[in-house]
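Inspection log for the structure reproduced underneath, given as structure tokens.
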Amino acid sequence: MSGRKRFFIEKLDYPRQTEAILSGEEFVHAKTVQRVEEGSEICLLDGSGREYTALVVKVDKRSLTAHITGAYDGEKEPKTHVYLLCGALKGDKTELVVQKATELGVSKVGVFNSDYCSAFMNHNKLERLCKVAREAAKQCMRSRAPEVVYFDDFESAVKSAKQYDNKLFACEFADKSDADISQISGSTALVVGSEGGFSESEFAFAKSEGFAGVTLGKRILRAETAAISLLSLAAYFLGELT
Ligand code: SAM
């Protein structure tokens, strides 16, 4: 299946539905970048974890029609739910984090505003992050793109991780870790700050909500390095990198 170009589409009702219409950005990408044409075999992803093989039967100006020929469960999705919460970063650094987090298998990314955060978010930026997640998911052969959400306040971001089994908070001013990351199993939420880092009161609040502070060593890492490192460690100990 790896040779087929992959495209996200809205939820399919296969086998009742055997025809799919690809439109919008994914269609433009299919036609102008991937050069999909009538007769091409493609792979459709509807976000359910299923993957659909399809034969393109018609290419119009604004959409294409594909006949679905089969469906199977995607094999690249992680077994464990990992939720990365990351402070909004300047420039295109949040995009970098979303891209790498998608490759490392997160199921959700929450971007948040916090006391010392100086990057701003808006609807367009959030849309862009969702697109980055979709593109990264396709590139690394996942069948789902992680959900990307934004929290205008840090408290709501922390509270959104309530149901996770493990809750780890990368704290740049912690001398030691309050949890042993090598022992984690089950769903995992990870919090990493923005360039400005965290205030003592934000750390205290996260702890009151069940987060354990973890250190990533004695050097201060850039936020994107911290996010990717912590996520890699968690994915490794959850058995997702083997
Ligand atoms: N402005 C902060 C300072 O000067 O101390 C540094 C913030 S750091 C660039 C961004 C985020 O990365 C932190 O809030 C933390 O979540 C994470 N981080 C960076 N280095 C870390 C470390 N050694 N241990 C734990 N977390 C770290």
Handout entry: Tally of residues being without any contact (Cβ under 8 Å) to a residue 40 or more places away in the chain, among the aliphatic types (A, V, I, L, M) and within 17 Å of residue 137 (Cβ to Cβ) across segment 10-46
Key = 4
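Quick one: which residue in 224, 202 is within 12 Å of the ligand (Cβ to nearest atom), farther than 21 Å from residue 106 by Cβ and either within 23 Å of the chain's Cα centre (by Cα) or of a type in the set (D, E, K, R) (or both)? Break it down into steps so the answer makes sense when it comes.
Numbers: 224 fails: farther than 21 Å from residue 106 by Cβ.
Selected residue: 202, the only one of 224, 202 that is within 12 Å of the ligand (Cβ to nearest atom), farther than 21 Å from residue 106 by Cβ and either within 23 Å of the chain's Cα centre (by Cα) or of a type in the set (D, E, K, R) (or both).
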Completion exercise
Those residues of segment 220-232 that are free of Cβ contacts under 8 Å to residues at least 60 places away in the same chain and among the hydroxyl-bearing types (Ser, Thr, Tyr) come to a total of 2
Completion exercise
Being in contact (Cβ under 8 Å) with a residue 60 or more places away in the chain, assigned by TED's automatic domain parsing to the domain that holds residue 106, within 14 Å of the ligand (Cβ to nearest atom) and over 22 Å from the mean Cα position of the chain (by Cα) narrows 217, 213, 196 down to just 196
Completion exercise
Within segment 157-173, the count of residues that are surrounded by fewer than 16 Cβ atoms within 10 Å (Cβ to Cβ) and either within 16 Å of the ligand (Cβ to nearest atom) or in contact (Cβ under 8 Å) with a residue 24 or more places away in the chain (or both) comes to 4
Fill in the blank from the handout: Picked from segment 160-188 (must be within 19 Å of the chain's Cα centre (by Cα) and not in a loop (DSSP other than H, G, I, E, B)), the residue nearest to residue 29 (Cα to Cα) is 188
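For residue 118, state whether it is part of a helix (DSSP H, G or I), over 28 Å from residue 22 (Cβ atoms) and out of contact with any helix residue (DSSP H, G or I) (no Cβ under 7 Å at 6 or more places or on another chain).
Working: part of a helix (DSSP H, G or I): no; over 28 Å from residue 22 (Cβ atoms): yes; out of contact with any helix residue (DSSP H, G or I) (no Cβ under 7 Å at 6 or more places or on another chain): yes.
No; evaluated as a whole, the condition is false for this residue.
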Handout entry: Qualifying position, being in the same structural domain as residue 196 (by TED's automatic domain parsing), on the phi > 0 side of the Ramachandran plot and out of contact with any Gly (no Cβ under 6 Å at 6 or more places or on another chain), among 47, 91
Key = 91
Practice task
Determine which member of the set 93, 131 is among the basic types (Lys, Arg) and either farther than 26 Å from residue 23 by Cβ or in contact with a Phe, Trp or Tyr (Cβ under 8 Å, 6 or more places away or on another chain) (or both).
Solution key: 93
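Going by the conditions given, is residue 235 in contact (Cβ under 8 Å) with a residue 60 or more places away in the chain and away from the ligand (no atom under 16 Å from the Cβ)?
On the way: in contact (Cβ under 8 Å) with a residue 60 or more places away in the chain: yes; away from the ligand (no atom under 16 Å from the Cβ): yes.
When the stated conditions are applied, residue 235 passes them.
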Problem - Some residue of segment 142-156 being surrounded by 18 or more Cβ atoms within 10 Å (Cβ to Cβ), more than 16 Å from the ligand (Cβ to nearest atom) and of a type in the set (D, E, K, R) - result: yes
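Of all residues in segment 189-206, which are assigned to a helix (DSSP H, G or I) and touching a strand residue (DSSP E or B) at 6+ places or on another chain (Cβ under 7 Å)? Break it down into steps so the answer makes sense when it comes.
Of segment 189-206, the ones assigned to a helix (DSSP H, G or I) are 200-206.
203, 206, listed by residue number.
The values are calculated or read from the model by the stated rules, or taken from the named source; none is laboratory data. Because the structure is predicted, anything quoted here is derived from the model rather than measured. Reconstructed Cβ throughout: ideal geometry from the backbone, glycine too, with neighbour counts over all protein chains shown.
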